[in-house]
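The next block holds one structure in the form of structure tokens; read it before the comments.
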Amino acid sequence: MNKYTITIDLGGTIVKIGLLQNGQLLNCACLDSRLTLGLASNLPRIQEQVNGLLERAAITSDQLTGIGLAFPGLVNPLENRVISTNEKYDDACGFDLNEWMKERWNVPFYMDNDARLAVVGEWCAGAAQGKNNVVMMTLGTGIGTGVIIDGSLLYGQHFQAGSLGGHFVMDYQGRKCSCGNKGCVESLASSFFLPVIIQQHACLSPDFKKQGQSLSFKDIFRMADEKNPDAILLRNECLDIWSAAVITYIHAYDPEVVVMGGGVLKSKEIILPYIREKVEQYAWCPSGRVEIVTSCLEENAALLGLDYCIKQKQKRILP
């Protein structure tokens, strides 16, 4: 009997639900995240989409190897429990997802941090195949990281090692982040903070600031291409912050390759050469150059990572 998996990527903007067989994505469904309403309000919609995928494929739950969930916060994958959130699905810490999943499908359940699962996806099926030391940086609604060292996924004592790259401090006197710290990468150069970044910027014009609530990084990069001076200034500052973060990850984790992913990488033709140049200039890598590449799997990386983890039938990923 064929075995399938259902994988759910609970993103900051989009919730993506995939049906996979033998590591191949057969079908998927997408929902707006509605993250400010919490996890509980999203679960009935997710249940409906999961059941719809199964029904359309004529698959019953007993044909599932398992169901997996990628969550944008700190996760204990041994217990499938959310440890901490960061203004995203803030009710998740008190919710028993093990019981919720069991009541509906009664199949094995696996859960982990979304960026950690994205690096697993790229490692087993994408841009980092064949590498033993990998960092992935996701530039989306927030900024996440996942790390593989010597062929093992990095967890640490409290399941947060490698996952907090968006909260490395770039400016200790900088803007307060939603995590409580000051000057984090995420508070200085993420989509989540972009309206605040624009409104508080001392050098942007009043006319540009009036548009701040409606601008995305896609808009910023487009306007910079059109030679808008405000957009060029803002774009280049964010590029510098992302570059400094990547250099810090290289110094911290000593990877062979850094994989860049997330929605902001739609502008990869600008982002990648810029970061590569900064890494070449400033990263201390006397023994060899670190590759900077884009994700092969793009928005499906965490879905493929979940599929791999479910099939491993263990909570810590081994080579």
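The values are calculated or read from the model by the stated rules, or taken from the named source; none is laboratory data. Just so it is clear, the structure is predicted and the values come from calculations on it, not from any experiment. With ideal geometry, Cβ positions are generated from the backbone for all residues, glycine too; neighbour counts draw on all protein chains shown. Calculation scope for accessible area: heavy atoms of the full protein, side chains included, ligands and nucleic acids excluded. Shrake-Rupley method; radii C 1.70, N 1.55, O 1.52, S 1.80 Å.
Using a Förster distance of 41 angstrom, determine the FRET efficiency expected from the C-beta separation of N133 and K210, and round it to 0.05.
Given R0 = 41 Å and the Cβ-Cβ separation, E is 0.35.
Run the accessible area of the chain with a 1.4 Å probe and give the carbon-and-sulfur part as a rounded percent.
With neighbouring chains kept in place, the figure for the chain is 49 percent.
Per 5 Å bin from zero, what fraction in whole % of the C-alpha pairs of the stretch 194-267 is there, up to the bin with the longest pair?
Reading the bins upward from 0: 3, 14, 23, 22, 14, 11, 8, 4, 1.
Need one number: nm distance between label points at Q173 and Q199, each 7 Å from Cα along Cα→Cβ, rounded to one decimal.
Going by the 7 Å Cα→Cβ label model, 2.4 nm.
Can you give the net charge of the other residues whose Cβ lies under 14 Å from the Cβ of N236, counting K and R as +1 and D and E as -1?
Net charge around N236: -2.
What is the Rg over Rh value, at two decimals, for the stretch 75-116, using alpha-carbon atoms and the Kirkwood definition of Rh?
Numbers: Rg = 10.6 Å, Rh = 11.0 Å.
Value, to two decimals: 0.97.
Which one, V135, G165, V119, projects farthest toward the positive side of the charge dipole computed for the stretch 108-231 from Cβ point charges (K/R +1, D/E -1)?
Farthest along the dipole direction, towards plus: G165.
Measuring from label point to label point, each 7 Å out along Cα→Cβ, what is the K218 to C93 span in nm?
3.4
Whole percent per 20 Å bin, from 0 to the bin with the longest distance: what is P(r) over all C-alpha pairs of the chain?
Distribution as computed: 33, 56, 10, 0 percent.
Let a ≥ b ≥ c be the square roots of the eigenvalues of the Cα gyration tensor of the stretch 66-139; is it rounded (a/c under 1.5), or, if not, prolate (a/b larger than b/c) or oblate? Walk me through the intermediate numbers first.
On the way: a/c = 2.91, a/b = 1.55, b/c = 1.88.
Cα axes put the stretch 66-139 in the oblate bin.
So what's the stretch 159-308 giving for Rg/Rh, alpha carbon basis, Kirkwood Rh from the mean inverse pair distance? List each step's numbers first, then the result.
On the way: Rg = 16.0 Å, Rh = 16.5 Å.
Ratio of gyration radius to Kirkwood radius for the stretch 159-308: 0.97.
Determine one quarter of the surface area of the Cα convex hull of the stretch 142-224, which equals its mean projected area, and express it in nm² to one decimal.
About 7.2 nm², averaged over all directions.
For the chain, what is the calculated [θ] at 222 nm in deg cm²/dmol (nearest 500), taking -39500 (n - 2.57) for each run of four or more DSSP H residues and dividing by its residue count?
Calculated from helices alone, the mean residue ellipticity at 222 nm is -11000 deg cm²/dmol.
In square nanometres and to one decimal, what's the mean projected area of the convex hull around the Cα atoms of the stretch 57-192?
Dividing the Cα hull surface by four gives the mean projection, 9.9 nm².
So with the 1.4 Å probe, I'd like the accessible area per residue for the stretch 48-181, rounded to whole Å².
40
What distance in nm separates the two pseudo spin-label positions at Y282 and H158, each 7 Å out from Cα along the beta-carbon direction?
In this crude spin-label approximation the distance works out to 2.8 nm.
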